[in-house]
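The next block holds one structure in the form of structure tokens; read it before the comments.
The values are calculated or read from the model by the stated rules, or taken from the named source; none is laboratory data. Fair warning: this is a prediction, and the values are worked out from it, not measured in the lab. Methodologically, a virtual Cβ is constructed for each residue, glycine included, from the backbone with ideal geometry; neighbour enumeration extends over all protein chains shown. In case anyone asks, the SASA skips ligands and DNA or RNA and just uses the protein heavy atoms, side chains included. Shrake-Rupley method; radii C 1.70, N 1.55, O 1.52, S 1.80 Å.
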There are 2 protein chains.
Amino acid sequence: MIKVGILGYGNLGRGVEAAVKMNSDIELKAVYTRRDPSTLTIKTDGVPVKSTDELDKGQEDIDVLIICGGSATDLPEMTPKYAALYNVIDSFDTHANIPVHFENVDKAAKAAGKIGIISCGWDPGMFSLNRLYASAVLPNGKDYTFWGKGVSQGHSDAVRRIDGVIDCRQYTIPVPAALDRVRNGENPELSTREKHTRECFVVAEEGADLARIENEIKTMPNYFSDYDTTVHFISADEMKRDHSGLPHGGSVIYSGETSDGTKHVIEYSLKLDSNPEFTGSVIVAYARAAARLNKEGKTGAMTVFDIAPAYLSAKSGEELRAHCL
Amino acid sequence: MIKVGILGYGNLGRGVEAAVKMNSDIELKAVYTRRDPSTLTIKTDGVPVKSTDELDKGQEDIDVLIICGGSATDLPEMTPKYAALYNVIDSFDTHANIPVHFENVDKAAKAAGKIGIISCGWDPGMFSLNRLYASAVLPNGKDYTFWGKGVSQGHSDAVRRIDGVIDCRQYTIPVPAALDRVRNGENPELSTREKHTRECFVVAEEGADLARIENEIKTMPNYFSDYDTTVHFISADEMKRDHSGLPHGGSVIYSGETSDGTKHVIEYSLKLDSNPEFTGSVIVAYARAAARLNKEGKTGAMTVFDIAPAYLSAKSGEELRAHCL
């Protein structure tokens, strides 16, 4: 059995917990929280909730610590800190800061003889793998990533910060015409606006100025101003009834040539009922890899690029060759 | 520069040759043939065509030998034989015999301190990878592989052996209703007939009994009798005009649950203008990996499952993390 701990019990932590249950060779040993552990009830019977103070002692009986924190402030600090004590894995997704994060985790993990897998999930993660495989196989080509239809939690949060907004769910939606052109192998140049539209379902305070809220959303820099955005005002009941899930997905489409006019299109696509449960599932498979690789003596920071696929599976090499090859 | 040799100059050998040209860090050193080398003209200027007698001496200046033979009789003999002399890679695809082939190549390669990558291409190959990744991430699920629309060379050859047939091109076509059900995450049980149809374009000898030919095709065991097959008789000119390419493709679709009723669908699909050029491109990327892994001291047989993705790319770890992650 591979023993894992979960640090942080938000959407992702709960997704990891659900994913662990699907893997009979992986055992959840504890959930760690910075809050008072007595205030937290988890879904897995018989598994303790512990304070991060326990974790900090470095004596917890776990093979891998799965760190479910935010990329903005939690992970840059937490992942190197715990890589000095345990094998760790995170889903760090602030793209521009990956080199620094990788270095920090690498230094801490190597010094401790541990492994730290960073930026694991579906993007970065499975989508990254597909960009790499496709570009290695067809060096003369171009990749496109489309997200959605799905809920962007970052954009939903941004709208919630607007005065008069009680709740929001923001869907990112690929533009069908752009998808068609890319799938056709046309390799078009596409602006931000041409690739995705954004749709917001907003619960506003009673008496709020809806026109102002709509305008503040549509003109919000970085988040919405470069997109065609639709805003719908709905009731709290409608929000609960129609928008309580966190579906997501998208496609990586790569098209390239092998000789003049001979084209190939590779597409990897995901349709996910629950973004956190799928992300958690990817992380759990790579946690298995982390435990195995460390047992073989490997140390330091790694990404999905550095790990041979067989390490992710509970099946043996013979079984994989017989059933998947 | 990574120096490669190509053994065998049929469709696949020419596909590998085209793929090498797309990779500036890979150099084609020679094409090897069992025929008289003077009878063979290749497309790459300045590259010699040599007899396999030269190869057999074990002194050729190549990092990897790419073996482009048939799975029925060539590869079971050639790959172990040359793995005792060079790093090798093949596209062995007789599924039931993979365990034996793997063992034979492993033994020869290990004894010689070489690497032998077997069963490389898109199926087995990229499709296998996607079956593995998906089943590792979502252990509670099911995979489906659809082939086509594309030319099956094995089925085309089988029809050509019928008395009165001059030429044939057989297209394998996925059944749209089956694709839809699988993409919906229904996880249906599908018979062979429900998954694919077959379409044959046949050039017959003048005066041949077309009804008999059509019947012989449709009732041919293993190849056609389990499928709904359509047969079109066309002229040699129409064959040349409309069916001279070797397009192919298909999809691996995996659907699985992470909790009760929470479904995820993963799809990897290929649309290929040229089956041999794409297969050759996958092989060349893995030839790069073979050269690198052997330089690191790794030996023995491997498949796509055993090789970390970063080894396939000409880019450095830093570049990959910056641009693909």
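Over the Cα atoms of the protein assembly as shown, how large are the radius of gyration and the largest Cα-Cα distance (Dmax), in Å?
So, for the protein assembly as shown, Rg and Dmax equal 26.8, 89 Å respectively.
What fraction, in whole percent, of alpha-carbon pairs in chain B exceed 37 Å separation?
24 percent
Please compute the volume of the convex hull spanned by the alpha-carbon atoms of the stretch B:272-311 and report it per residue in Å³.
Enclosed volume per residue, from the Cα hull, is 74 Å³.
Provide Rg over Rh for the stretch B:255-325; use the alpha carbon set for both Rg and the Kirkwood Rh (inverse mean inverse pair distance).
Rounded to two decimals, Rg/Rh equals 1.10.
Check the straight Cα-Cα distances from A:K195 and name the lysines below 19 Å, setting aside those fewer than 8 residues away within the same chain.
A:K142, A:K149, A:K218, A:K271
Do you know which residues of the stretch A:300-325 lose at least 50 square angstrom of accessible area in the protein assembly compared with their chain on its own, with a 1.4 angstrom probe?
At a threshold of 50 Å² (probe 1.4 Å), the residues of the stretch A:300-325 that become less exposed are A:F305, A:P309, A:R321, A:C324, A:L325.
Mind checking which of A:F233, A:L312, A:A204 is farthest towards the positive end of the stretch A:199-317's charge dipole, using Cβ charges of +1 (Lys, Arg) and -1 (Asp, Glu) about the Cα centre?
A:L312
Looking at the stretch B:105-258, what % of the alpha carbon pairs are farther apart than 19 Å?
Beyond 19 Å sits 63 percent of the P(r) for the stretch B:105-258.
Per residue of the stretch A:46-62, in order, report the coupling 6.51 cos²θ - 1.76 cosθ + 1.60 (Karplus, θ = phi - 60°) as ³J(HN,Hα) in whole Hz, putting x for Gly and Pro.
x, 9, x, 9, 10, 7, 4, 4, 4, 4, 5, 6, x, 10, 5, 8, 10
Which percent of Cα pairs goes in each bin when the distances of the stretch A:199-307 are cut into 10 angstrom slices starting at zero?
All Cα pairs, binned at 10 Å, distribute as 10, 21, 25, 23, 16, 5, 0 percent.
Quick one: what are the phi-derived ³J(HN,Hα) couplings along the stretch B:244-260, Karplus 6.51/-1.76/1.60 with θ = phi - 60°, whole Hz, x for glycine and proline?
Calculated HN-Hα couplings, in order: 8, x, 10, x, 7, x, x, 9, 9, 10, 10, 10, x, 10, 10, 7, 4 Hz.
How much accessible surface does B:R14 have with a 1.4 Å probe, in Å² rounded to 10?
Only protein atoms counted, so the area is about 90 Å².
Hey, can you grab everything whose amide H is under 5 Å from the amide H of B:S71? Only 5+ residues off in sequence or another chain; H modelled, so Pro and N-termini drop out.
Counting only residues 5 or more places away or on other chains, the set is B:D93.
Roughly how much accessible area, to the nearest 100 Å², goes out of reach of solvent when B and A pair up, both sides summed, probe 1.4 Å?
Using a 1.4 Å probe, the pair buries roughly 5500 Å².
Rank B:V105, B:H95, B:V137 by how far each Cα sits towards the positive end of the charge dipole of the stretch B:68-153 (+1 on Lys, Arg Cβ; -1 on Asp, Glu Cβ) and give me just the farthest.
B:V137
Could you name every residue in the stretch A:176-209 that has 10 Å² or more less accessible surface in the full protein assembly than in its own chain alone (probe 1.4 Å, ligands and nucleic acids excluded)?
Buried by 10 Å² or more upon assembly, which counts only protein chains, are A:R183.
Non-local amide H neighbours of A:V175 (under 5 Å, H modeled in plane, Pro and chain starts lacking H): which ones?
Sorted by chain and number, the residues that satisfy this are A:H196, A:T197.
Suppose accessible area is computed on protein heavy atoms with a 1.4 Å probe; arrange B:K195, A:K29 from highest to lowest.
A:K29, B:K195
Give, to the nearest whole percent, the P(r) tail of the stretch B:9-67 beyond 17 angstrom, counting all Cα pairs.
36 percent
Counting only protein chains, not ligands or nucleic acids, how are A:T41, B:T192 ordered by accessible area (probe 1.4 Å), most first? Don't jump to the answer; show the numbers that get you there.
Values: A:T41 120, B:T192 65 Å².
Output order, biggest surface exposure first: A:T41, B:T192.
What does the net charge come to around B:V159 if you take all other residues with beta carbon closer than 14 Å to its beta carbon, with K and R at +1 and D and E at -1?
It works out to a net charge of -1.
Based on Cβ point charges of +1 for Lys and Arg and -1 for Asp and Glu, what charge dipole magnitude is obtained for the stretch A:15-58 about its Cα centre, in debye rounded to the nearest 20?
So the dipole magnitude of the stretch A:15-58 works out to roughly 100 debye.
Count the net charge of all other residues whose Cβ sits under 12 Å from the Cβ of B:Y32, scoring Lys and Arg as +1 and Asp and Glu as -1.
+1
For the stretch A:172-179, what does the Karplus curve 6.51 cos²θ - 1.76 cosθ + 1.60, with θ = phi - 60°, yield as ³J(HN,Hα) per residue in whole Hz, taken in order and with x for Gly and Pro?
In residue order, the calculated couplings are 8, 10, x, 7, x, 5, 5, 4 Hz.
If you roll a 1.4 angstrom probe over the protein chains with everything in place, what fraction of the accessible area of the stretch B:141-195 belongs to carbon and sulfur, to the nearest %?
Exposed carbon and sulfur together represent 45 percent of the surface.
Just how large is the dipole of chain A about the Cα centre, in debye to the nearest 20, putting +1 at every Lys and Arg Cβ and -1 at every Asp and Glu Cβ?
760 debye
With the full set of protein chains in place, find how many percent of the accessible area of the stretch A:211-261 is carbon and sulfur; take the probe as 1.4 Å.
The value for the stretch A:211-261 is 45 percent carbon and sulfur by accessible area.
For A:E77, tell me the accessible area in Å² from a 1.4 Å probe, rounded to the nearest 10.
We get 120 Å² for A:E77.
Using Cα pairs closer than 8 Å and at least 6 residues apart in sequence, work out the relative contact order for the stretch B:158-310, in percent. Mind dumping the intermediate values first?
On the way: 181 pairs, mean separation 29.4, N = 153.
Relative contact order comes out at 19 percent.
Just by accessible area at a 1.4 angstrom probe, what is the order of A:V284, A:V100 from largest to smallest?
Sorted descending by solvent-accessible area, the residues read A:V100, A:V284.
What Kirkwood radius, in Å to one decimal, follows from the Cα pairs of the stretch A:164-220?
Numbers: mean 1/r = 0.0745 Å⁻¹.
That comes to 13.4 Å for the stretch A:164-220.
Amide H neighbours of A:G121 under 5 Å, at least 5 residues apart or on other chains, H built in the peptide plane: list them.
Close amide H contacts, sequence-distant or interchain: A:M126.
With every protein chain kept in place and ligands, DNA and RNA left out, what is the accessible area per residue of the protein assembly as shown? Probe 1.4 Å, answer in Å².
I get 41 Å² per residue for the protein assembly as shown.
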